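J.: Submitted below is the structure of interest, expressed as structure tokens.
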Amino acid sequence: MVPLTIGRWRGYAVLLLVPVLAASGCGAPDAPTGAGPTAATSPTVVTTDGPSASPDLADQSTASASPRKDLPHVFPVRAKKVSYHPTHSAYPGTDIFADCGEPVVVVTDGTVGEVSRRDRYDKRGPQGPYNGGLSVSVIGDDGVRYYGSHLTEVAEGIDAGVRVRAGQRLGTVGRTGNANNVCHLHFGISPPCPGEDGWWIRRGVVWPAPYLDSWRKGGNRKPAAEVAAWHRKHGCPGKPPAR
């Protein structure tokens, strides 16, 4: 167990790493495998802030034909007191723990993909489609999608198709969806899969921790090569069995 001394929730150490964040959204760790926005010019994107939105729709914008290689990358939570575990249950992802209300920022220059401003999670319903609560994904100019969920709020002007820059505010850390009343950001890295994408991909397919370690120290380790390799091997997997 990794002791956590994050702001005012020292007593949550057991909750954070055991069954509290179970299910398909956030869970206990498994061993890992290895200036203002402007209108975007990228193809169709979707938003899930209305009652008729399908939970299986995700980012429909395509990555740049020639991904940029000179992009800066920054840590996704701007807070002095922050921690995360290197692993996650069920699938690659990371839960970044910080006080509710701390800023969540854009990791690298790109275009906003999916935005969810409505918390439709119900623990009695299917686990997966609405687990993230309020969430935002950004399709980076490096061809990688960066997804953050459980937000308290999504910043004004952050809408599908909007251009954003590294360090720009996306929203705030929260506990919506299946966050189990623990303030944190679920962070996932994945490839965009136009036309056949879903929550099971955008929640994360490669382990973020090595990149977070670099960005937190001011480094610029880039996930594009690993994400591209994963995509070549796996394509865009279909929806997993409901549970």
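The values are calculated or read from the model by the stated rules, or taken from the named source; none is laboratory data. Being a predicted model, the structure only gives us computed values, none of them experimental. All Cβ positions, even for glycine, are placed from backbone atoms using ideal geometry, and neighbour counts span all protein chains on display. Only protein heavy atoms, including side chains, enter the accessible area calculation; ligands, DNA and RNA are left aside. Shrake-Rupley method; radii C 1.70, N 1.55, O 1.52, S 1.80 Å.
J.: Only sites in a loop by DSSP and with at most 16 other Cβ atoms within 10 Å count here; which trypsin sites (Lys or Arg not before Pro) in region 181-239 make the cut? Walk me through the intermediate numbers first.
T.: Values: sites: ARG202, ARG203, ARG216, LYS217, ARG221, ARG232, LYS233; in loops: ARG203, LYS217, ARG221.
Counting only loop positions with at most 16 other Cβ atoms within 10 Å, the trypsin sites (Lys or Arg not before Pro) in region 181-239 are LYS217, ARG221.
J.: Computed over the Cα atoms, what is the radius of gyration of region 61-153 divided by 2.2 N^0.38 Å, N being its residue count? Could you put the intermediate results ahead of the total?
T.: Values: Rg = 14.5 Å, N = 93, 2.2 N^0.38 = 12.3 Å.
With N residues counted in region 61-153, Rg over 2.2 N^0.38 Å equals 1.17.
J.: Go through LYS69/LYS222; LYS69/LYS239; LYS80/LYS217 and tell me which ones have a Cα-Cα distance over 20 Å in this structure.
T.: Working: LYS69/LYS222 9 Å; LYS69/LYS239 31 Å; LYS80/LYS217 13 Å.
Among LYS69/LYS222; LYS69/LYS239; LYS80/LYS217, the Cα-Cα distance tops 20 Å for LYS69/LYS239.
J.: Please report the carbon-and-sulfur percent of the accessible area for region 92-243; probe 1.4 Å, protein heavy atoms only, DNA, RNA and ligands left out.
T.: Working: 2640 of 5530 Å².
Reported share for carbon and sulfur atoms: 48 percent.
J.: Using square roots of five times the C-alpha gyration tensor eigenvalues, list the equivalent-ellipsoid semi-axes of region 70-227 in whole Å, biggest first.
T.: Details: eigenvalues 85, 60, 50 Å².
Semi-axes from the Cα gyration tensor: 21, 17, 16 Å.
J.: Hey, another quick one. Rolling a 1.4 angstrom probe over the protein heavy atoms, how many square angstrom per residue are accessible across region 61-197? Provide the component values of the computation, followed by the final result.
T.: Details: 4760 Å² over 137 residues.
Accessible area per residue: 35 Å².
J.: Let me ask another. Please report, for the Cα atoms of region 106-175, the Rg to one decimal and the Dmax as a whole number; what are they, in angstrom?
T.: Values for region 106-175 (Cα only, Rg and Dmax): 12.2, 38 Å.
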